[in-house]
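Since the structure comes first, as structure tokens, the remarks are kept for the end.
What follows draws every value from the coordinates through simple rules; no lab data is involved. Fair warning: this is a prediction, and the values are worked out from it, not measured in the lab. Using ideal geometry, Cβ is built from the backbone for each residue, glycine included, and neighbour counts are taken over all protein chains shown.
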Amino acid sequence: MSQASAVAYANIALVKYWGKRDSALNLPAAGSLSLTLNTLRTDTMVHFDESLTHDSFELDGRESDPRKLTTWLDLVRARAKLQTRAHVVSRNAFPTASGLASSASAYAALAVAASSAAGLSLTVRELSELARRGSGSAARSIFAGFALMHAGTKADGSDAVAEPIVGADDWDLRMVIAVVGGGKVKGVSSRDAMEHCAATSPLYQAWLDCVPNDVQAARSAIDARDLAALGAITRDSAMAMHAAAMASRPPVRYWQAATLRCLDRVEELVGSGIPAYPTMDAGPHVKVLTDAAHCQEVARAIGEIPEVTEVKICAPGPAAHLLSEASD
Ligand code: DP6
């Protein structure tokens, strides 16, 4: 009987991951670059229990289907030479499956908790690889602050991992998140949407072609602590990703009317000299990259939009970590 608890924080991609080079190993087709945030937190407890006949999964207080989890836990069991089933309890401090990146913090927390509970002692690189098998974006949430995800070239995926580039304390930016429509809305999952986009969108290859330069330019902007340069890449990467998704046949459109209202408001802010750079993921919510001096003003401005049900101000967040050691 062995148990461990871990915490991880969601990240928002500044250069997006959208498309895979291998679905079975969940290998991204291109790199990506993200900022781990301090408020979007997932707490996960994993308990390998000899008395269980199957894995059980409690998410936000409710019994959930453990099938996807079982497939992922089998990776941990194979590595630890373990047969034991697990009880997993996970809690998100934000709406699940709403486009607020819950799978990123979920699999990062799981990788840390499950590997420890199974008695494995993995490097952060191995944790990132393990988290990626659950969700590509989760590989980045192993790390604090700014993280760079490599597409890798190896067939076994061992080089498709993230690495930390600038720590949470090294550049004090803010991400203001406007939750649109109560946080309950979710269309097609990012996994299905990116697969459909790769298979049908005439803009998919054009999207992939712009990623390496964007990653490089974002790295340089981060090194130079140049918010205007990083913000422009953040905005442009999101727009290119959504353009490719919207050109899918049939289209994948996450945007709602309120999404556009938020984007208009951000443009007004920019017009009055405020650094504000929008990004969106697989949901209608708008996230705005800004700095500490302007985050309250940005939050106030987008919070005035009627369909914006919640506004969160997030700062760079910590790495995934254990809350308790594995115990017998
Ligand atoms: C739009 O990591 O959820 O948020 O690897 O299939 O689980 P899977 O996809 P996932 O995709 C995230 C897509 C995105 C952009 C990003 O976070 O980079």
- Once Glu63 and Asp264 are pulled to full extension, the length gained, defined as 0.36 nm per residue separation minus their Cα-Cα distance, is 68.3 nm
- Item | Principal-axis tilt of helix 67-80 within the chain, Cα atoms, nearest 10 degrees | 60 degrees
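Roughly how many debye, to the nearest 20, is the charge dipole of the range 118-201 about its Cα centre, given +1 on each Lys and Arg Cβ, -1 on each Asp and Glu Cβ, and no other charges? Each step should come with its number before you reach the end.
Numbers: 9 positive and 10 negative charges, 78 e Å.
Dipole magnitude for the range 118-201 comes out near 380 debye.
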- How far apart, in nm, are two points set 7 Å out from the Cα along the Cα-to-Cβ line at Asp156 and at Thr39? 4.3 nm
- Packing-ranked peptide list from 73-84, 104-115, highest mean Cβ count within 10 angstrom first, is 104-115, 73-84
- Estimated translational D of the range 3-169 in µm²/s (Stokes, Kirkwood radius over Cα pairs; 10 °C; 1.306 mPa s): 101 µm²/s
- Just grab the label-to-label distance for Arg249 and Ala78, each label 7 Å out from Cα along the Cβ direction, in nm (one decimal). 3.7 nm
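What full-extension length gain, to one decimal in nm, is calculated for Ser272 and Arg300 as 0.36 nm per residue of separation minus the Cα-Cα distance? Can you show the working numbers first?
On the way: separation 28, 0.36 × 28 = 10.08 nm, distance 1.46 nm.
Answer, rounded to one decimal: 8.6 nm.
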- For the range 173-314, what relative contact order do you get, as a whole percent, if you take Cα pairs closer than 8 Å and at least 6 residues apart? 44 percent
- Query: For labels at Arg191 and Asp223 in the simple 7 Å Cα→Cβ model, what's the distance in nm?
  - Reply: 3.6 nm
- About its Cα centre, how strong a charge dipole does the chain have in debye, to the nearest 20, once Lys and Arg get +1 and Asp and Glu get -1 at the Cβ? 600 debye
- Top positive-direction residue, dipole computed over the chain with Cβ charges, set Gly273, Ala106, Ile313: Ala106
- Can you give the direction-averaged projected area of the convex hull of the alpha-carbon atoms in the chain, in nm²? 15.7 nm²
